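Remarks on the structure that follows.
The values are calculated or read from the model by the stated rules, or taken from the named source; none is laboratory data. Being a predicted model, the structure only gives us computed values, none of them experimental. So basically every Cβ, Gly included, is an ideal-geometry build from the backbone, and we count neighbours across all protein chains shown.
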Amino acid sequence: MKNTLLTFALLFTITTVFTSCRDEKTTREKVEESIKDTGDDIKDAAEDTKEAVKDASEDVKEAAKEAKEDAEDMVDDEKH
């Protein structure tokens, strides 16, 4: 029983030492990290938006090309 009690006391001491030695961020560091994270999120959103606009533009070009071809086919059919 004495060994068990000593083991628990040792584990408690080690846990307390490692827990209390953690790096605590200052408010300034937290704010700077938050600003950096927000900037990264904005950059990612801008890149996603750019890609979406590019994809939509390509879709519109393709649709216009198909519409033109369909109109030309209809004109050719009317001529014959």
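This table checks each residue for (1) at pLDDT 80 or above; (2) outside any helix (DSSP H, G or I).
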{"residue": "THR4", "(1), (2)": "yes, no"}
{"residue": "THR7", "(1), (2)": "yes, no"}
{"residue": "LEU10", "(1), (2)": "no, no"}
{"residue": "THR15", "(1), (2)": "no, no"}
{"residue": "ARG22", "(1), (2)": "no, yes"}
{"residue": "GLU33", "(1), (2)": "yes, no"}
Exactly one condition in (1) at pLDDT 90 or above; (2) acidic (Asp, Glu); (3) loosely packed, with under 10 Cβ neighbours inside 10 Å is false for ASP44; which is it?
(3)
